[in-house]
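Written out below as C-alpha cells is the structure these notes cover.
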Amino acid sequence: MVSNIDHDYWSKRYQTADTGWDVGHVSTPLKEYFDQLNTKELSILIPGAGNAWEAEYLHHRGFPNVYLLDIAEEPIAAFKKRVPDFDPAHCLQEDFFKHSGQYDLIVEQTFFCALDPALRSAYVDKMSTLLKPGGKLCGLLFNIPLNSDKPPFGGNEQEYRRLFESKLRFSQLGTAFNSIAPRAGNELFFTAGLINQNP
C-alpha cells in the first residue's frame, strides 16, 4: 500500500495548486453523456469531486439532486464560492468509504486513479452499495500505465474487467472518442450497473 495518500496529502495539493489533473471545465465525454440524460430528478453523486466542474455543469443544466464529495475541504470551499446557489447541504466533505446513501448515477472522473491501488477492490465493493437498483456508475478510466508511488495510478481494460466483474457489469467500456486533446487515446469511457440488474 502506498503511504500518506490521506486528507492532509490532498489538502496540501490544493493549497499549493498542485492539481495537474484539473482541466478547468467538465470533460467532453462526461458533458456529452450528461447532455443526453432525460430525467432531471436523478440523484447523482460525484466522489473525489475536487473542483467539481461536473457538478457545476449539471447544476446549471437544472439537475437539483447532485451531490459532490471530497475528503479535502479546500476544493469544496472554492466550489461554494464559485457556485453560490448550489445547495451547501449537497457539498460533502467526507471519506468516500464511510459515505452512506444510494444514487441513480455515480460519476467517475479522476477519483479511481487517485486512490491507492490497494483500495481498488474496496472501491468496487463500495460503489455496489451506493448504487440504487437500476443505477449506473459512469465515467472515465485511464488506459495507460502511470505512477507506482503517487497518484495518478493507471491501469488497463483487462484489469478493470477483472476488478469490476464481481459486483458490476459493464454495459459500455471502450476508448473514449471525444477525450480532451492531452488525454486522447488514453481514456476509457464506461457505464456499469449492478451485476444482478440491467445496467
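Considering only residues of region 152-186 that are closer than 22 Å to THR28 by Cβ and hydrophobic (A, V, I, L, M, F, W, C), which is surrounded by the fewest Cβ atoms within 10 Å (Cβ to Cβ)?
Across region 152-186, the extreme among qualifying residues is ALA181.
Find all pairs meeting these conditions: Cβ atoms under 6 angstrom apart; at least six residues apart or on different chains; first residue within region 93-110 and of a type in the set (Val, Ile, Thr); second residue surrounded by fewer than 20 Cβ atoms within 10 Å (Cβ to Cβ) and modelled with pLDDT under 95.
THR110/TRP21
Residues that are surrounded by 13 or more Cβ atoms within 10 Å (Cβ to Cβ) and charged (D, E, K, R): does region 29-36 have at least one?
Scanning region 29-36, I find at least one residue that is surrounded by 13 or more Cβ atoms within 10 Å (Cβ to Cβ) and charged (D, E, K, R), so the answer is yes.
Can you pull out every residue in region 83-111 that is of a type in the set (A, V, I, L, M) and either surrounded by 13 or more Cβ atoms within 10 Å (Cβ to Cβ) or in contact with a Cys (Cβ under 7 Å, 6 or more places away or on another chain) (or both)?
Within region 83-111, VAL83, LEU92, LEU105, ILE106, VAL107 qualify.
Quick one: would you say LYS80 is surrounded by fewer than 17 Cβ atoms within 10 Å (Cβ to Cβ) and out of contact with any helix residue (DSSP H, G or I) (no Cβ under 7 Å at 6 or more places or on another chain)?
On the way: surrounded by fewer than 17 Cβ atoms within 10 Å (Cβ to Cβ): yes; out of contact with any helix residue (DSSP H, G or I) (no Cβ under 7 Å at 6 or more places or on another chain): no.
Here the answer is no, as LYS80 does not meet what is asked.
Suppose the filter is buried (at least 18 other Cβ atoms within 10 Å of the Cβ), charged (D, E, K, R) and either within 20 Å of PHE190 (Cβ to Cβ) or touching a Pro at 6+ places or on another chain (Cβ under 9 Å) (or both); does GLU54 pass it?
yes
Can you find even one residue in region 146-154 that is hydrophobic (A, V, I, L, M, F, W, C) and either farther than 29 Å from ARG13 by Cβ or without any contact (Cβ under 8 Å) to a residue 40 or more places away in the chain (or both)?
Yes, the conditions are met somewhere in region 146-154.
Can you name every residue in region 108-129 that is under 13 Å from the mean Cα position of the chain (by Cα) and aliphatic (A, V, I, L, M)?
Those that are under 13 Å from the mean Cα position of the chain (by Cα) and aliphatic (A, V, I, L, M): ALA114, LEU115, VAL124, MET127.
Inside region 126-157, can you point out the residues that are farther than 11 Å from LEU188 by Cα, in a loop (DSSP other than H, G, I, E, B) and not hydrophobic (A, V, I, L, M, F, W, C)?
Residues satisfying the conditions are PRO145, ASN147, SER148, ASP149, LYS150, PRO151, PRO152, GLY154.
Within region 21-37, is even one residue assigned to a loop (DSSP other than H, G, I, E, B), free of Cβ contacts under 8 Å to residues at least 12 places away in the same chain and among the β-branched types (Val, Ile, Thr)?
Checking region 21-37: not a single residue is assigned to a loop (DSSP other than H, G, I, E, B), free of Cβ contacts under 8 Å to residues at least 12 places away in the same chain and among the β-branched types (Val, Ile, Thr).
Anything in region 168-193 that is on the phi < 0 side of the Ramachandran plot, out of contact with any Leu (no Cβ under 7 Å at 6 or more places or on another chain) and part of a loop (DSSP other than H, G, I, E, B)? List them, or say none.
Once the filter is applied, which keeps residues that are on the phi < 0 side of the Ramachandran plot, out of contact with any Leu (no Cβ under 7 Å at 6 or more places or on another chain) and part of a loop (DSSP other than H, G, I, E, B), region 168-193 yields PHE177, ASN178, SER179, ILE180, ALA184, ASN186.
For region 45-87, give me the residue count where each residue is under 10 Å from the mean Cα position of the chain (by Cα) and of a type outside the set (D, E, K, R).
Total meeting the criteria: 9.
The values are calculated or read from the model by the stated rules, or taken from the named source; none is laboratory data. Everything quoted here is computed from the prediction, not taken from an experiment. Cβ coordinates were reconstructed from backbone atoms using ideal geometry, including for glycine residues, and neighbour counts include every protein chain displayed.
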